[in-house]
Each structure stands twice: as C-alpha cells, then as structure tokens.
Number of protein chains: 2
Amino acid sequence: MADTVTAAATSTNAASKSERAYASVKTRIVDGTYSPGYRLVLAKIAEDLGVSVVPVREAIRRLEAEGLVKFERNVGATVAGIDPTEYLYTMQTLSIIEGAATALSAPLIGPADVARARSVNAEMRDCLTHFDPVRFTQLNQDFHSVLFEHCPNPHILDLVHRGWNRLASLRSSTFRFVPGRAHESVDEHEELLQLIESGAGADEIERAARLHRSATLDAYLAQSNS
Amino acid sequence: MADTVTAAATSTNAASKSERAYASVKTRIVDGTYSPGYRLVLAKIAEDLGVSVVPVREAIRRLEAEGLVKFERNVGATVAGIDPTEYLYTMQTLSIIEGAATALSAPLIGPADVARARSVNAEMRDCLTHFDPVRFTQLNQDFHSVLFEHCPNPHILDLVHRGWNRLASLRSSTFRFVPGRAHESVDEHEELLQLIESGAGADEIERAARLHRSATLDAYLAQSNS
DNA sequence: GTCATAGTCATCGTATACGATTTCGTACTC
DNA sequence: GAGTACGAAATCGTATACGATGACTATGAC
C-alpha cells in the first residue's frame, strides 16, 4: 500500500495519469491494437496501465469527444465504428478540411518545402515499383504534412489531425492498397506542387487538393464494391 | 448522509450526473453566464450542481476536447479565450464547414424548406426596421439551420454545431451588431435561396455560402478595427 | 523599497469504496 | 423445444478521502 502511494507520487512528476491513459489508449486505437468494436473495459485498462479507473474514465470520455470511442451509459466503451458509411463520411469530411488546409498553407509554402515534398513523392514512386504499400501510405501522409504544416489556422490543422487519427483507426482494419489509384495519386501530387509553385489562387488549389482526396475515396469504394 | 445517497439514487434514473454537469456547464458557457476567462473551479461547480467533483471533472475534460474550456494541470480550468485571432480563426473554419454543409444539403432542400427559410429571412428584414439585433441573430441561426439540416454527413453537421457553440461563447462578449452588413446579409440569404432553387452546382453553392460567412467576418473585423 | 524565500492556502489528481444498472446464464413453465 | 422470469456476475457511476502541486502572502535581508 505504502509502496503504491510512493510510486504514484513519483510518477506523477512527469505527466498526469489521466494524460498518460489518454495517450496510451489513443495510440492503441490508432495503431490498431484496439481495433474497431473492441470493448474498452475501464477496470481492465486501468489495471494494464497500473492506475485506477478514474483517470481512465476521464481519458475515455475525452476520446469519445474526439469521436474515437463510443460510450454507452452503464454498458461501456467500445472503439468507434467500422461502418463503411462512417468511413465514407470521414473521408468526405477530411477531403474538405484538407482542401482548405492546403489552400490556406499554399501562399506560405516556399521552394524548400516544395523540394522536400517532391523528394517524398519520388520515394512514393519507388514504392510502387518495389511494391511497398505500407511505406507508401506513410509517405503519403508525409507528403500532405508538408502541404499543411504552414496552415495558419490552428483549428483547421487540428481537424486535419483528428481526421487522420480517425481514419487511421478505421484503416487499420479496412485499408487495402489500390495500385492503379496509387499511380494516379503520385501524378496528382506533382500537379498539386506545380499548382502551388505557379502561385495559383486559393480556390484552385483547394479544389485540386479536395479532388485528390475524393478520388482516393472513390477508388477505395470501387474496390470494396467489387 | 443517508438522505444524500437516496437523492443520488433517485436522480440517477434520468441521466448521469456527469452528463448533467456537461450539459449545464456547456449551456452556461454558450449563453454567456460563464464568460471567456471565467475560472471554473471544480469544487464550486460541483457544489452548485449538487454533485461531487468527479463527474464535474469528467464534464470539464470533455468540454476541453471540444475547445470550449482551457485546462491546465494543477492550475484549473477557464472558459476558453476571447483572443480576437481566435475569433477570426473560428469564423474562418466555420465558413468553410458551413459552406460544405450547405452544398451537401442543397440537393435535398425542397420547396417547403425554401419557403420556411424565406419566411425566416422576411422576419429578419423586419428586425432591421424595428432594430432588434438579438432576435436578428437568433433568426440568422435559424435560417442557416434550415440550409444545413438535410446535410447527410453527420461529421460535418457536428462540426457546424461545435463551431456555433464556440462562436456563441465568444460572441456573448464580443458581438456587436453591424447594421450595414445586416442588410447585405439578408439580401445574400435571398440570393442563396435562389441559387438553391435553380439547382446550381455544389461548387457554386458552397462558394456563395462561404463568401456569405466570410463577408460577415470581414464586417466584424472592420468594425472592431475602427 | 525591492527582491528572495519560506510557509500557507486553494485547488487539482487519484485511489478506494460502494451503490446502481445492465447483461448473461440458468431454470422453470407452457 | 421455445419463451420467460429470476438471479448472479460484470461493469459502470459517483462520493469521499487524502496526497500533490502550484499560487499567493508574509517575512526577512539587502
């Protein structure tokens, strides 16, 4: 007992337990350890993390507010849905937010950024010849990160990240690589970069970025329907 | 003591205390009872609501995840910022989300909806002659609600509502009526309705809706700078 | 008068305990 | 064999207690 208390006091120095619980559970959801539908039993998570249920409960509620967790009174928490419709809506929302984020960033993207994005895109192209879907997906994320990172509006940036988290949590169970689409995607990246370099208007960039994401969504849907 | 427990058991039937705490605090933030910067002391709120601190704490954390509350470890919670920049970013984000929501709803908006929106807009025009800014603001919200309510994407709808909550919490301390802009606003509403009736493309409707919101933002800014 | 320091107070953070609710399995009846 | 009712187990919900932390204040030295 005394040991427990001492340990608690010590570990508290770094970050609150509720914070740690939040981060841990979120990570596990996003990386697929807890896949959609997984039942999150408060007491069990608390035991796993070596804390009591109160901070875990708090963490779960925060994740619920972010949409990663579904919570039902007196029943429990589960990792939020795998519903294909949900996936579609999330992608659609993300395409809108990402489009706006890219457009807002565009005027602040310098030659160095474009060069970096281009090198990432080149590596993506390599992944297509070596067939490395996992790396490809990671690089894709990196590519878009370059486009976003200068976005001056923190809310939009936050929404982009949330969308990605949500998508990641779904993708871990639903992701399938679409080779044909991947080639187009790389080409569209280059087009996007040229558009930015040319100093195109925000509207034009936004539309291009959004269409890029939408096309990916369509490809997923086409594949899952077949 | 026994009384307290009994009362607790009874009231639990309706909704969880954490739920009630969440709703109460949120309402008070949005309606301006707790204005930005207001210090939210857990124990005090708990006492006000007649519950213990645990559910209050949970509610506060959820509100934090929604951006309505700022929470600092071992320091406390305050109602989130009144920073003008914050206001600008929120409005900008909202204009993007609202534009998308309107565009997605447009194909599902029927003649009855248009008629309803038009009647709301007519009443808004009346408010201009009677000079009733409060009512005007409320009607404005109603008008846009009509445009959104058919939006099939629940995420986007959710974001719109959050944006409004956030804006409401800020506006309660920063809102000032801009008569000139109000007239334009009413005219733009009519234009929007005509656009929808004409079966215009999603892009066109989205842009119009977004510009409408942006113009309002610009008017606010112009006024606060003068 | 100003700055540093120590001590107190307010407040948060979490563990524990126990009550409330739901769920699931089992036995009983038709 | 199917359906229902009852009861036990699992799990959530919240109060209470106490420790930890940061902010504020008073006191002293310079």
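The values are calculated or read from the model by the stated rules, or taken from the named source; none is laboratory data. Predicted model only: the values in this text are computed from it and were never measured. Quick reminder, even Gly has a Cβ in these numbers, built from the backbone with ideal geometry, and neighbours come from all protein chains shown.
Can you tell me which of (1) in a helix (DSSP H, G or I); (2) surrounded by 16 or more Cβ atoms within 10 Å (Cβ to Cβ) is the one A:Thr78 doesn't meet?
Status for A:Thr78: all satisfied but (1).
Tell me, which residue of the stretch A:114-162 that is within 14 Å of A:Ala100 (Cα to Cα) and polar (S, T, N, Q) is surrounded by the most Cβ atoms within 10 Å (Cβ to Cβ)?
A:Asn153
A:Ala182 - would you say it is surrounded by 16 or more Cβ atoms within 10 Å (Cβ to Cβ), at pLDDT 90 or above and within 30 Å of B:Ile156 (Cα to Cα)?
For A:Ala182, the condition - surrounded by 16 or more Cβ atoms within 10 Å (Cβ to Cβ), at pLDDT 90 or above and within 30 Å of B:Ile156 (Cα to Cα) - is not met.
Take the conditions more than 21 Å from B:Gly163 (Cα to Cα), within 9 Å of DNA strand D (Cβ to nearest atom) and either modelled with pLDDT of 90 or more or surrounded by 15 or more Cβ atoms within 10 Å (Cβ to Cβ) (or both) and apply them to B:Glu58. Does it pass?
yes
Any idea which residue in the stretch B:191-226 is nearest to B:Pro84 (Cα to Cα), counting only those that are within 12 Å of chain A (Cβ to nearest Cβ) and under 20 Å from the mean Cα position of the chain (by Cα)?
B:Ser214
Restricting attention to the stretch A:185-201, which residues are surrounded by 14 or more Cβ atoms within 10 Å (Cβ to Cβ) and part of a helix (DSSP H, G or I)?
Selection gives A:Ser185, A:Val186, A:Glu188, A:His189, A:Glu190, A:Leu192, A:Leu193, A:Leu195, A:Ile196.
So, of the residues in the stretch B:82-113 that are assigned to a loop (DSSP other than H, G, I, E, B) and surrounded by fewer than 17 Cβ atoms within 10 Å (Cβ to Cβ), which turns out to be farthest from DNA strand C (Cβ to nearest atom)?
So the residue we want is B:Gly110.
Surrounded by fewer than 16 Cβ atoms within 10 Å (Cβ to Cβ), among the small types (Gly, Ala, Ser) and away from DNA strand C (no atom under 12 Å from the Cβ): which single residue out of B:Gly67, B:Gly37, B:Gly32 fits that description?
Residue meeting the stated conditions: B:Gly37.
Return the pairs, sorted by first residue and then second, in which the second residue is assigned to a helix (DSSP H, G or I) and basic (Lys, Arg), the first residue lies in the stretch B:18-36 and is in the same structural domain as B:Val54 (by TED's automatic domain parsing) and modelled with pLDDT of 90 or more, the beta carbons are less than 7 Å apart, and the residues are 6+ apart or on different chains.
B:Tyr22/B:Arg62
Going through the stretch B:32-90 one residue at a time, which ones are farther than 13 Å from B:Ser169 by Cβ, within 9 Å of chain A (Cβ to nearest Cβ) and of a type outside the set (D, E, K, R)?
Correct list: B:Val54, B:Ala59, B:Ala65, B:Asn74, B:Leu88, B:Tyr89.
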